[in-house]
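The structure appears below as structure tokens.
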Amino acid sequence: MSSYARVDSIDALKDFKASLCKFSEVVGGGLGEAEAEIQRVLAWLKHEQHGYWKSQMQKRAELVNRAKTALNNKKLYKTPTGGNYSTVEEEKAFRLAKKRYEEAEQKFANVKSWTRKLEHEMSLFKEQLRGARQTIEVDVPQSTVQLDKFVDSLEAYISLQVPAGAREQPPAGEPGQGTGAPSMVRDASPPRGLVSGYEKLREKTPSPAVRDTVLAIEPAFSFPEGCQISKLHREAISKLNPGAKPCASGDKVVLAGGCWNQSRIFLERIDVKSREDSGWFVGSVDENEASKYEAVRAVDLLRLRPDWDEVLSLPSGFLVALSGTSIEAVLDDQNHVLWRPDG
């Protein structure tokens, strides 16, 4: 039996975690919106409609009394010849006032009835969603933590050197034999040097002139929950930059529109002359060049992504490619790979 394991893909775990986070975000948002809408209607009934129709009953009752008094007075008056005056108009006014009072009375009763029904339905709604809340608020976060542990363990495992001649070939019929599919079991760590592809990401970074046109504002977006860089990779970044000097909290960071929704993103820091500009840009690895840009202050970005503290402390010229909770590669200003999970 082999003394080592064959690992085909860690990206599948990372993609699954990203999808799980997105699912949690969408479902949690939908549940919150549904509950908020019920609360809004209930508040409308209890406060606006209840008070309105109660006051209408009082006002219309007063009008009924006035119309009744006018009708009675008209019946008491006599014409100069001793006859009675016509009370047709007063009777019509009295019937109309009485009808409007009865309408307000019915509306008020309906408001109280629907308020009780809606409170009962909302209680049932919350009870039925208790299981979904448990899944979104407890089970999913626990699962993402467990997935992080799996990924960290696998990345630590594949970073180990496999002794020469100990590599196991996959059995016939399994993926990887005769198909050209790569195996993540390696005989030796790859050498440091240029990596084709990552350096091309720099072409997506906007120039300083373009950056100057983007003003920093309060962030109106959020990143998927649970998609934080693993502790193992954060420690690796810290070792690359022992004399780290974090960018000022008020310095702006420019982002490609919508990059926060991507599972693979990159950060590059360029030299800038503008004051209060960190030089950092956040873009998508897989998407084309951004059609629009947004900018936020570094302190606001770190509130959303505290796991980027070590990354944002790297000097100008550095580029960091991320995939979910993992760092794919760190490049210096000469496009040399300083660190990556596989060595």
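The values are calculated or read from the model by the stated rules, or taken from the named source; none is laboratory data. Quick caveat: nothing in here was measured; it's all calculated off a predicted structure. Every residue, glycine as well, gets a Cβ built from its backbone with ideal geometry; the counts of neighbours run over all protein chains shown.
Quick rundown of the values:
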quantity: Helices (runs of 4 or more DSSP H) contained entirely in the stretch 70-165, each with at least 2 residues that are over 30 Å from Thr325 (Cα atoms) and at pLDDT below 85; calculated: 88-128
quantity: From the options Pro224, Pro219, residue that is touching a strand residue (DSSP E or B) at 6+ places or on another chain (Cβ under 7 Å), closer than 22 Å to Ser263 by Cβ, assigned to a loop (DSSP other than H, G, I, E, B) and in the same structural domain as Ala329 (by TED's automatic domain parsing); calculated: Pro219
quantity: Test: residue in the stretch 305-320 that is over 14 Å from Pro206 (Cα atoms), assigned to a helix (DSSP H, G or I), touching a Phe, Trp or Tyr at 6+ places or on another chain (Cβ under 8 Å) and aliphatic (A, V, I, L, M); calculated: yes
quantity: Residue within the stretch 325-338 that is within 21 Å of the chain's Cα centre (by Cα) and either assigned by TED's automatic domain parsing to the domain that holds Phe221 or among the polar types (S, T, N, Q) (or both) present; calculated: yes
quantity: Checklist (1) crowded, with 20+ Cβ neighbours inside 10 Å; (2) touching a Pro at 6+ places or on another chain (Cβ under 9 Å); (3) modelled with pLDDT under 90 applied to Ala236, failing item; calculated: (1)
quantity: Failed item, numbered, when Lys112 is tested on (1) closer than 30 Å to Ala43 by Cβ; (2) without any contact (Cβ under 8 Å) to a residue 60 or more places away in the chain; (3) not polar (S, T, N, Q); calculated: (2)
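Rundown of residues vs (1) in contact with a Leu (Cβ under 7 Å, 6 or more places away or on another chain); (2) at pLDDT below 95; (3) surrounded by fewer than 20 Cβ atoms within 10 Å (Cβ to Cβ), yes/no style:
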residue: Val285; (1), (2), (3): yes, yes, yes
residue: Glu289; (1), (2), (3): no, yes, yes
residue: Pro315; (1), (2), (3): no, yes, yes
residue: Ser326; (1), (2), (3): no, yes, no
residue: Arg340; (1), (2), (3): no, yes, no
